[in-house]
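Report on the following structure.
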Amino acid sequence: MSLMGQMMNMPLMISSLLTHAARHNGDVEIVSKRVEGDMHHTTWSEVELRSRKLAQALARLGCQAGDRVGTLAWNGYRHLEIYYGSSGSELVCHTVNPRLFPQQIAWIINDAQDKVLFVDINLLPLVEKLITSLPKVEAVILMAGREHMPRETSIPKLLCYEDLIEAEDGQYSWPSFDENTAACICYTSGTTGNPKGAVYSHRSTVLHAFAAAIPEGMCLHATDTVLPVVPMFHVNAWGIPYVAALIGCKLVFPGHHLDGASLFNLFEQEQVTISAGVPTIWLGLLNHVKQNNLKFSSFRSTIIGGAACPPTMIRAFENDYNVEVIHAWGMTELSPIGTLGRLKAKHKDLPLVQKQKILEKQGKSVYGIDMRIVDAEGQVLPWDGKASGDLEVRGHWVISSYFNVDKSPLHDGWFPTGDVATIDSDGYMQITDRSKDVIKSGGEWISSIDLENVAMGHPAVHEAAVIAAHHPKWDERPLLVVVKKPDAQVTREELLAFYDGKIPKWQVPDDVVFVTEIPHTATGKIYKLGLREQFKDHTLPTS
């Protein structure tokens, strides 16, 4: 008979991260550049108190355990309070990406059955347009003070965030419950059909925070000042709001001000040491500092993920500005961290060029994530850096199923990522292709199927295919390949204009090429690998 450990059985609670931060690092600052235009300063202690008041307010609004609390908001202290105030009180925090097409936003909110919806000031017009199609939402809370409440609105029950906080006394104790209880929901971008919800537990979120905090992860210290450029609606800002509480470091939130000049000024003003975001944002920042002959005085490290980081960007950060780049890979279904690019001890004496080649890969697994590559028959392939196969993962913060979807996505207990990769003998993984034909533009996914469906609705189009074309700023942009119907006439401009109002503007293809025939596979499917090869050197007019 096994001998059982004699340890306290304390469930892993998200609220414990905040309690720890308030108790041991209560005076550490949290700085936000607000949507209102000003700078706001608070502390971990104050955030913890206001989060408890928010939990009281949500209960007063009738929210009960398991109810979903939606947010349409940028990075800021109020959004942080919602993270903890909702999840900590056994509600489920549901961050919604405001950059999605309005109909997708409505679909996601309705699928999650959000009971209340928090919204930033500059996103209120979006909610006013959608409110009639959100039957489950009982109240909308404007994330502002009384002075910013609109005189007129189409929203039946619009409440003021600060009024809700001020009405409570904060005499609230965080409850303890099963650590496998749902804490948050993040939806995929809906690249194949409707978006799918990934439901994270308290246990998985706390374990993910521990893994992200260690030296082999994000390597945060209590002395750091971290600025998450990655939005809080992108897989919970890659877990940084939880990691920062665990470590007790200073947090700086940029709001929606993500241009190069705004970021540089905030970095310098608040002496930011570490950040995280997608390559597109860093390109804007690098261009700004280069054009204005500027240097960073405190910035030492950045985690870059969401899309492959160009080697030239890594070199620019490290050689020109002495900023370490940590190349990362993950996805919504992984909470999101899967791999991070860190060198091993055996690499320390390698020539610089060889070190750089290793760090250009997506990195190796952090503890808590296991990965493998398999061939088309599901046979496991060797880690030799040459064999290329479908990347599958499993781990403590990997989903086992999607919200409201009966069919499990798992393959023999492993999650198929949809990426094709190699893994070398040291465990470094490199994405070589995608098994799904999606376009990754500036860290945002674009569905080729959606774009093709719109094009096929044009009366002059016989067949259409959308593939990714290289773009120097956005990494990839959609290229529309079209076969016209016999005797039909249509121009590039007419086809692009046909997308107006059907999809978000940023998803509209950058160019159109007309061909006499689109290649197909033996099973009749469009042969996109052949198309990508055919147009690999195509120069987009937006390049």
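The values are calculated or read from the model by the stated rules, or taken from the named source; none is laboratory data. Please read these numbers as outputs of a predicted model, since none were measured by experiment. All Cβ positions, glycine included, derive from the backbone under ideal geometry; neighbour counts span all protein chains shown. With ligands, DNA and RNA removed, areas are computed over all heavy atoms of the protein, side chains included. Shrake-Rupley method; radii C 1.70, N 1.55, O 1.52, S 1.80 Å.
About its Cα centre, the chain has a charge dipole of approximately 460 debye under the convention of +1 per Lys or Arg Cβ and -1 per Asp or Glu Cβ, with nothing else charged.
Loop-located GluC sites (Glu not before Pro) in the stretch 455-543 (DSSP state not H, G, I, E or B) with no more than 10 neighbouring Cβ atoms inside 10 Å: Glu517. For the chain, the share of DSSP beta bridges that are antiparallel, to the nearest 5, is 55%. Determine the shape class of the stretch 259-308: with a ≥ b ≥ c the square roots of the Cα gyration tensor eigenvalues, call it rounded for a/c under 1.5, and otherwise prolate if a/b is greater than b/c, oblate otherwise. Since a/c reaches 1.5 but b/c is at least a/b, the shape of the stretch 259-308 is classed as oblate. Provide the net charge surrounding Asp120, with neighbours chosen by a C-beta distance below 12 Å and charges set as Lys +1, Arg +1, Asp -1, Glu -1. Neighbour charge sum, excluding Asp120 itself: +1.
Basic side chains Lys and Arg get +1 at the Cβ, acidic Asp and Glu get -1 at the Cβ, and with that the dipole of the stretch 329-474 about its Cα centre reaches some 860 debye. Under 13 Å from the Cβ of Met313, count the other residues' Cβ atoms, weight Lys and Arg +1, Asp and Glu -1, and hand me the total. Around Met313, the surrounding residues sum to -2. Of the solvent-accessible surface of the chain, computed with a 1.4 Å probe over protein heavy atoms with every protein chain present, carbon and sulfur atoms account for 51 percent.
Ranking Ile369, Ala497, Pro409 by Cα position along the charge dipole of the chain, where only Lys, Arg, Asp and Glu carry charges on their C-beta atoms, puts Ile369 farthest toward the positive end.
The mean sequence distance of close C-alpha pairs (under 8 Å, at least 6 residues apart), as a share of the length of the stretch 2-126, puts its relative contact order at 25 percent.
Annotation: per residue accessible area for the chain equals 43 Å², rounded to a whole number [probe 1.4 Å, protein chains only]. With a ≥ b ≥ c taken as the square roots of the eigenvalues of the C-alpha gyration tensor of the stretch 145-268, please select rounded if a/c is under 1.5 and otherwise prolate if a/b is larger than b/c or oblate if it is not? Rounded, because the longest to shortest axis ratio a/c is under 1.5. Rounded, prolate or oblate: which one fits the stretch 272-414, using the alpha carbon gyration tensor with axes a ≥ b ≥ c (rounded when a/c is under 1.5, else prolate when a/b beats b/c, else oblate)? The shape class here is prolate. Computed from the C-alpha gyration tensor, the three semi-axes of the ellipsoid equivalent to the stretch 419-543 are 27, 17, 12 Å, from longest to shortest.
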